[in-house]
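Step one of this worksheet: look at the structure below.
The values are calculated or read from the model by the stated rules, or taken from the named source; none is laboratory data. Not measured: the values here are computed from a predicted model. Note: ideal-geometry Cβ built from the backbone for every residue, glycine included; neighbour counts use all protein chains shown. Heads up: the accessible areas ignore ligands, DNA and RNA and are worked out on the full protein's heavy atoms, side chains in. Shrake-Rupley method; radii C 1.70, N 1.55, O 1.52, S 1.80 Å.
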Amino acid sequence: MVVTDGQVSLKHLVTMETLTNDEVLGLIERGVAFKEGRAEFSLDRQYFAANLFFESSTRTHKSFEVAERKLGLDVIEFDAKTSSVNKGETLYDTILTMSALGVDICVVRHQEVDYYKQLIDSRTIQTAIVNGGDGSGQHPSQCLLDLMTIYQEFGHFDQLKIAITGDLTHSRVAKSNMQILKRLGAKLYFAGPKEWYSSEFDVYGTYVDIDDVIEELDVLMLLRVQHERHDGKESFSKEAYHKQFGLTTERYAKLKDTAIIMHPAPVNRDVEIADSLVEAPKARIVAQMQNGVFVRMAILEAILRGKV
């Protein structure tokens, strides 16, 4: 990965760990430029993109599609339910087929953690891989849209106090965000059920009771309770979770006037956050969804630059 002419050039984007701070900031700033209508972009030939989602998605799937169409890419339809996956075709062979057909970019969401490793290591597959989420692993485009939202609000990351709270162990959002936010100088806190906290987070921040830090925070990043990854084994009721760990109206009132609330969505209303607060003045949940289109345009552009 290199930065050319002030813009980022990527071969693939599968994890935040491989991006430098300059590349992260370059993608954020390019996303802002797209959002503000300042970015100039044109294609030198016809390019094809395919979105292969093997897990359910609304925001990520459709915002990638909107981003692709805004850039002028031809989007190849793919539905896992009607594909040869149902005949036993492996993910590798599906992507190998897309590559052979001349698809330039494959955006993939798959339940297997690190599914992308064999794809990007292949000498035959020529299509670029963009990770739209790998199980409970990473979600780099969500991370970048979160960073863009924070950057637009504060203009920097250094010494911002950010709490990531909720279903930490199962959250690819938490794992992507904690790594890069720490690198960019933010002070991180983690909160939520103790059984959903892992010692792997210790090097990035401090586990706290949310009520002990709520008044100090600049950013409160709420995580969705991922019921589909718990096999119905949650040991709490929705009401109990909301009262102990969620953003109640009482906790909202304790936040600084300049603090912002974030959530990757979809929101479990009255679980992670009170229904009345989803669109409250301090909430940036809608802004995150809007920013997703523009930062994904920046990602796709960087991939296309990598093909030059």
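Annotations for the structure displayed:
- Taken as a whole, the condition of being in a helix (DSSP H, G or I) and in the same structural domain as residue 216 (by the TED database) does not apply to residue 296.
- Within segment 104-170, strands (runs of 3 or more DSSP E) holding 3 or more residues that are closer than 21 Å to residue 10 by Cβ and assigned by the TED database to the domain that holds residue 58: 105-110, 128-134
- Taking the criterion of being touching a strand residue (DSSP E or B) at 6+ places or on another chain (Cβ under 7 Å) and open to solvent by 10 Å² or more (accessible area, probe 1.4 Å), the residues of segment 214-226 that qualify are 216, 218.
- Whether a residue is closer than 30 Å to residue 267 by Cα, at pLDDT 95 or above and in the same structural domain as residue 31 (by the TED database) was assessed, and residue 96 does not pass this test.
- Any hit, segment 140-162, residues being hydroxyl-bearing (Ser, Thr, Tyr), in contact with a helix residue (DSSP H, G or I) (Cβ under 9 Å, 6 or more places away or on another chain), open to solvent by 10 Å² or more (accessible area, probe 1.4 Å) and modelled with pLDDT under 95: no
- Verdict on residue 40 being open to solvent by 10 Å² or more (accessible area, probe 1.4 Å) and not in a loop (DSSP other than H, G, I, E, B): no
- Residue pairs meeting the criteria (Cβ under 6 Å; at least 6 apart or on separate chains; first within 20 Å of residue 105 (Cβ to Cβ), in segment 65-91; second outside any loop (DSSP other than H, G, I, E, B) and of a type in the set (Phe, Trp, Tyr)): 74/48; 76/48
- Some residue of segment 6-20 being assigned to a helix (DSSP H, G or I), of a type in the set (A, V, I, L, M, F, W, C) and touching a residue at least 24 places away in the same chain (Cβ under 8 Å): yes
- Output for segment 194-212, where each listed residue is open to solvent by less than 30 Å² (accessible area, probe 1.4 Å) and over 19 Å from residue 180 (Cα atoms): 196, 208, 210
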